[in-house]
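The structure appears below as structure tokens.
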Amino acid sequence: MEVVDRTHIDEEISRCVHDEIPIRLIYIPTGELVDREFVCNHFRREIHRRLGGIMQTPDSETGRVQAQSNVFWTTLDVVAYATLSHRWGDGEPSYADYVRRWEARQRQNEQQRRRLSTTHVRLFQRGAGGGPHDVNTPPLAPTPGYEKLERFLAETSRRGIDFAWSDTCCIDKSSSAELDESIRSMFRWYRNSALCVVHLSQTTSVLDMGQDEWFRRGWTLQELLAPWRVKFMNRDWQPLTNDENDKRIKRVTAADGEPQSTSGFSVRSGLLGRGNWSISNQTLIGVVCETTRIPEAVFEREYRPRTIKIDERMGWAANRMTTRGEDAAYALMGMLGVSIQIAYGEGRARAFRRLFEAIVQDVQDPSVLHFPHPYVPRSPSDYLTDDPIDWRRCKLAQQIDMGTTRQGLRIRVAVISAEFVGTEPSGSDFRCQALNDTKFEPRDLNFDPRRVLKKSALGIVAYCEVEAKSKIAFSEHVIAYLLTSSWEVHHEDGHDGWGSWTINDGDNVEKWQLSSSLFGFDIRGSDFSNAVDITQMQVFFVDKQHVEYYDLCVPSHPHLRLDMSRS
């Protein structure tokens with residue numbers, strides 16, 4: 001067995017606090033803004049007590065990793081602080097305002113202590129001053145912002161939590177480095193908090209909370225998703241429910257595969273009521289879901305930032321507003337689990353393009369392609385959200401070959417011939433013989449195929465080449481675009497659909513266009529003969545002779561030309 005001494009434990013505690021906890025917090029007993037070293041020193045003894053002071057682990061790499069994990073999760077469990085989620089209003093205290101006021105208060109306290117040093121006995125006998133606590137803690141400045149902060153600190157203290165964080169005064173926005181770190185880390189800071197207090201300044205009860213401006217601000221989306229424990233307060237700072245936690249998150253157990261603390265009792269659960277996390281007001285959750293369009297299931301477990309269901313998650317942010325245009329992109333980094341550099345002044349469209357590029361580099365399903373324009377999205381509202389693609393049914397979703405270039409988005413598609421077999425434009429039925437003669441109906445078709453269609457094909461985005469069999473494997477659920485070559489394309493707005501391109505193949509020149517947004521359909525039949533189980537998934541094989549590969553390049557700007565070339 002290898003002994004892990006206190007020094008090593010202290011190093012791991014410090015690393016965890018510096019990586020996972022806000023740069024500074026308000027220490028409520030004194031009102032002072034304190035740094036991470038103060039937090040480490042304040043909680044170190046309790047963390048050591050929970051760990052047993054000195055741990056013994058197996059003398060192996062696995063044992064050392066487990067020891068680090070124990071320290072990490074115990075530290076996060078013990079270090080308790082509350083965060084404030086709110087709509088910014090008048091008189092919000094900045095970092096500089098708060099520091100100046102605290103320093104002035106310290107000077108005032110020192111002067112008062114000097115005056116009282118010779119007369120304090122006589123003063124207290126007369127009842128003047130009310131005692132040392134009144135002398136040392138004068139009221140905050142009477143501005144709406146300070147009053148809100150004071151009520152937040154009082155609510156936090158009442159729940160037995162000594163540390164608090166607010167985005168108004170706990171970030172030094174004059175430091176670009178600190179602002180950059182804060183914005184990139186904010187999702188983690190809310191997630192690691194013991195409690196997030198949400199102040200709804202326009203709300204009186206659950207019945208009218210859906211009209212509150214808080215639900216339409218960009219940054220408050222991650223402040224709703226990230227925390228484990230949320231408490232909604234109305235405009236008068238009265239709780240909207242009797243529950244300690246207004247999110248119905250299930251308590252994680254070892255069976256869920258999550259790290260557990262080293263003791264059976266959580267400091268945070270003790271602060272909020274032992275084991276009482278899963279009880280909440282059904283009416284409140286219903287209003288939140290209806291207002292935000294977020295499924296109720298999202299609030300039943302910890303939200304995990306991942307690049308999946310991009311179209312659905314963009315829908316949650318589509319109608320939200322930010323004061324700075326760039327924040328429409330920056331506010332989504334945490335909930336999607338990506339990171340980009342903060343560059344205020346670059347503009348909304350450029351910021352969102354960089355976010356889109358970061359998503360594409362890490363994407364785990366084709367939903368990132370679910371937008372209806374002939375150029376890459378420039379805001380969350382550019383995504384199709386009414387009918388999100390069911391990416392889970394596309395078993396080869398992670399096989400998508402795509403990336404970003406200086407011009408835009410490159411997607412390698414497998415092109416298979418198809419034909420129009422419908423009779424009504426509303427039906428728009430097509431058929432693909434190579435895919436078991438399956439019929440499909442493209443989404444958002446932008447022309448009448450009975451009048452102008454010459455040739456058509458499927459541009460499938462998820463597939464797998466099987467060299468040993470000289471075949472291409474497709475999922476039973478196909479994700480594709482419709483590609484068409486037409487005699488004539490006419491649109492009242494002067495644009496030819498998604499865009500068009502010319503394919504030069506020797507002496508043949510054809511003008512093609514992308515004629516639909518991304519859509520999905522099932523290959524006909526459930527027991528077709530050439531469906532084979534490989535790598536534990538059901539796939540459909542097509543001979544390579546029926547498939548061609550093209551690089552579809554979707555431009556980053558509406559004025560650039562959509563292009564397609566043989567790969």
Practice problem: Search segment 52-88 for residues being farther than 21 Å from Cys40 by Cα and at pLDDT 90 or above, and hand back the single one that is most open to solvent (accessible area, probe 1.4 Å). | Solution: Trp88
Quiz item: Taking strands (runs of 3 or more DSSP E) that fall entirely within segment 496-560, which contain at least 1 residues that are modelled with pLDDT of 85 or more and surrounded by fewer than 21 Cβ atoms within 10 Å (Cβ to Cβ)?
Solution: 519-522, 537-543, 548-555
Practice problem: Any chance you could count how many residues in segment 93-116 are within 15 Å of Asp172 (Cα to Cα) and surrounded by fewer than 13 Cβ atoms within 10 Å (Cβ to Cβ)? | Solution: 2
Quiz prompt | Search result, residues across segment 29-47 that are polar (S, T, N, Q) and either touching a Pro at 6+ places or on another chain (Cβ under 8 Å) or part of a helix (DSSP H, G or I) (or both) | solution = Asn41
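Residues checked against (1) modelled with pLDDT of 85 or more; (2) open to solvent by less than 40 Å² (accessible area, probe 1.4 Å); (3) over 22 Å from Asp387 (Cβ atoms); (4) part of a strand (DSSP E or B):
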{"position": "Lys439", "(1), (2), (3), (4)": "yes, no, no, yes"}
{"position": "Pro442", "(1), (2), (3), (4)": "yes, yes, no, no"}
{"position": "Arg450", "(1), (2), (3), (4)": "no, no, yes, no"}
{"position": "Phe474", "(1), (2), (3), (4)": "yes, yes, no, yes"}
{"position": "Tyr481", "(1), (2), (3), (4)": "yes, yes, no, yes"}
Quiz item: Right, Gln202: of a type outside the set (Asp, Glu) and touching a Gly at 6+ places or on another chain (Cβ under 6 Å) or not?
Solution: no
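Considering Asp180, Asp208, which residue is of a type outside the set (Ser, Thr, Tyr), modelled with pLDDT under 95, open to solvent by 10 Å² or more (accessible area, probe 1.4 Å) and not in a loop (DSSP other than H, G, I, E, B)?
One residue alone meets the criteria, Asp208.
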Exercise. Among what's in segment 271-293 and is modelled with pLDDT under 60 and in a loop (DSSP other than H, G, I, E, B), pick the residue that is most open to solvent (accessible area, probe 1.4 Å).
Key: Arg274
Quiz item: Can you name the number of the only condition in (1) surrounded by 18 or more Cβ atoms within 10 Å (Cβ to Cβ); (2) in a helix (DSSP H, G or I); (3) at pLDDT 90 or above that Ile26 fails?
Solution: (2)
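Give me the residue from segment 294-324 that is assigned to a helix (DSSP H, G or I) and touching a Pro at 6+ places or on another chain (Cβ under 6 Å) and, out of that set, surrounded by the fewest Cβ atoms within 10 Å (Cβ to Cβ).
In this case the residue turns out to be Glu312.
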Quiz item: Looking only at helices (runs of 4 or more DSSP H) that fall completely inside segment 327-409, which ones have 1 or more residues that are farther than 22 Å from Pro442 by Cα, open to solvent by 20 Å² or more (accessible area, probe 1.4 Å) and without any contact (Cβ under 8 Å) to a residue 40 or more places away in the chain?
Solution: 348-362
Exercise. May I ask you to verify whether Val415 is under 15 Å from Ile308 (Cβ atoms), out of contact with any Pro (no Cβ under 9 Å at 6 or more places or on another chain) and in contact (Cβ under 8 Å) with a residue 40 or more places away in the chain?
Key: no
Quiz item: Could you give every pair whose Cβ atoms fall below 7 Å, whose first residue belongs to segment 194-207 and is closer than 13 Å to Ser85 by Cα, and whose second residue is open to solvent by 10 Å² or more (accessible area, probe 1.4 Å) and of a type in the set (Asp, Glu), counting only separations of at least 6 or pairs across chains?
Solution: Val197/Glu155
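The values are calculated or read from the model by the stated rules, or taken from the named source; none is laboratory data. From a predicted model like this one, the values you see are computed outputs, not experimental measurements. FYI the Cβ positions are ideal-geometry reconstructions off the backbone, even for glycines, and counts take in every protein chain you see. Protein only, heavy atoms only, side chains kept; ligands, DNA and RNA dropped before computing areas. Shrake-Rupley method; radii C 1.70, N 1.55, O 1.52, S 1.80 Å.
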